[in-house]
Amino acid sequence: MSTSNKVIITCAITGSIHTPSMSPYLPVTPAQIADSAVGAADAGAAIVHLHARDPKTGIPSQDPALFGEFLGAIRDKSDVVINLTTGGAPTMSIEERLAPVAHFKPEVASLNMGSMNFGLYEMLGRYKEFRHDWERPYLEASDDRIFRNTFRDIAHILEACNANQTRFEIECYDIGHLYTAAHFLDRGLLKAPLFIQSVFGIRGGIGAHPEDIAHMKRTADRLFGKDYVWSVLGAGAQQSRVVTQGLLMGGNVRVGLEDNLWLSRGKLATSNAEQVASIRRTVEQLGYSVATPDEARAMLGLKGKDNVEF
């Protein structure tokens with residue numbers, strides 16, 4: 001694992017977990033997503049992780065046309081590394097989820113390392129009123145919903161993207177996902193250095209206890225040695241504690257409104273940039289420095305911003 005003093009901050013701009021009624025600050029339209037991504041980059045994010053939403057209802061969408069409405073705007077205004085989702089939402093097919101990455105050939109794409117329960121239904125206890133008809137059923141049905149990524153699905157995504165030299169943010173929601181990443185590394189479908197994003201606190205994945213974070217790091221060290229770059233994210237209110245522990249253990253961090261709507265207890269984040277600025281202060285107070293987009297490209301072995309299709 002890299003011992004660089006540079007810390008990569010990834011910002012996940014909108015995602016598919018939270019619904020528009022949960023925060024007036026969640027980016028929904030292409031213009032909002034573009035502005036929020038540029039703001040996060042200006043605040044110190046080297047990478048922005050992007051989903052799209054229907055601009056009228058806010059429902060998650062993998063329509064490449066919607067991605068096309070904000071990708072060029074971000075690139076015109078920022079040097080930030082753009083990372084497109086292949087996760088989409090658990091309600092989508094593999095081909096739907098793959099479509100934007102296959103079309104735009106980004107430097108980085110996210111890839112979940114397995115099928116899993118992905119429970120959002122507990123949020124119904126905190127939110128009672130919804131502006132759009134799809135929001136409540138979307139949350140309610142998650143107690144009987146599986147996010148699908150079989151071994152065949154993962155291989156299909158890797159094979160579809162590797163010819164484009166797109167590298168992957170390997171999202172690991174549990175210890176077994178690290179072993180799956182090692183399996184695909186052995187098969188030659190993944191190449192070092194791996195960019196391992198350990199995800200803590202999603203219902204259905206590993207918890208966010210300090211021992212869970214330490215166990216994930218120990219296992220990744222044993223499986224990958226120095227051939228990986230480690231990053232952490234914490235879901236919801238656990239975000240600040242999880243990413244700070246990750247920093248203290250030599251990791252990189254991911255924040256953003258996809259993962260957490262709050263800036264502090266009882267205070268909604270008014271932008272992705274606020275969360276980036278907050279974790280940047282922590283990074284610098286701990287004696288590290290924030291990686292620029294080009295430094296992140298070098299650390300992750302990316303193909304460069306001129307080799308994408310947007």
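The values are calculated or read from the model by the stated rules, or taken from the named source; none is laboratory data. Note that this is a predicted model, so its numbers are computed, not measured. Using ideal geometry, Cβ is built from the backbone for each residue, glycine included, and neighbour counts are taken over all protein chains shown.
General remarks:
- Residue in the range 239-250 that is over 22 Å from His51 (Cβ atoms), in a loop (DSSP other than H, G, I, E, B) and at pLDDT 95 or above present: yes
- In the range 206-234, the residue that is surrounded by the fewest Cβ atoms within 10 Å (Cβ to Cβ) out of those that are closer than 19 Å to His183 by Cβ and among the small types (Gly, Ala, Ser) is Gly225.
- Among residues of the range 169-192 that are within 18 Å of Ile206 (Cβ to Cβ) and in contact (Cβ under 8 Å) with a residue 60 or more places away in the chain, those with a beta-carbon under 7 Å from a residue that is among the polar types (S, T, N, Q) and not in a strand (DSSP E or B) at least six positions away or on a different chain give the pairs Leu178/Thr219.
- The set of residues from the range 1-24 being surrounded by fewer than 24 Cβ atoms within 10 Å (Cβ to Cβ), hydrophobic (A, V, I, L, M, F, W, C) and modelled with pLDDT of 95 or more comprises just one member, Met22.
- Taking residues in the range 223-249 that are more than 15 Å from Cys172 (Cα to Cα), and partners anywhere that are buried (at least 21 other Cβ atoms within 10 Å of the Cβ) and of a type in the set (Ser, Thr, Tyr), not one pair has Cβ atoms closer than 6 Å while being at least 6 places apart or on different chains.
- Residue list for the range 190-210, restricted to those being out of contact with any helix residue (DSSP H, G or I) (no Cβ under 8 Å at 6 or more places or on another chain) and part of a strand (DSSP E or B): Gln197, Val199, Gly205
- Selected residue [buried (at least 17 other Cβ atoms within 10 Å of the Cβ), part of a strand (DSSP E or B) and under 18 Å from the mean Cα position of the chain (by Cα)] from Val276, Val253: Val253
- Of all residues in the range 109-127, those that are hydroxyl-bearing (Ser, Thr, Tyr) have Cβ atoms under 6 Å from Cβ atoms of residues that are part of a helix (DSSP H, G or I) and surrounded by 16 or more Cβ atoms within 10 Å (Cβ to Cβ), 6 or more apart or on another chain, in Tyr121/Leu139; Tyr121/Ser142; Tyr127/Met22.
Yes or no, residue by residue, for (1) within 28 Å of Lys105 (Cα to Cα); (2) part of a strand (DSSP E or B); (3) among the hydroxyl-bearing types (Ser, Thr, Tyr):
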site: Glu159; (1), (2), (3): yes, no, no
site: Ile170; (1), (2), (3): yes, yes, no
site: Ala181; (1), (2), (3): yes, no, no
site: Gly188; (1), (2), (3): yes, no, no
site: Asp212; (1), (2), (3): no, no, no
site: Arg218; (1), (2), (3): no, no, no
site: Arg222; (1), (2), (3): no, no, no
site: Leu233; (1), (2), (3): yes, yes, no
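- Filtered residues of the range 35-47 (kept if crowded, with 24+ Cβ neighbours inside 10 Å and either free of Cβ contacts under 8 Å to residues at least 40 places away in the same chain or small (Gly, Ala, Ser) (or both)): Ser36, Ala37, Ala40, Ala41, Ala45, Ala46
- Looking across Asp212, Asp259, one residue alone is without any contact (Cβ under 8 Å) to a residue 24 or more places away in the chain and closer than 28 Å to Thr14 by Cβ. It is Asp212.
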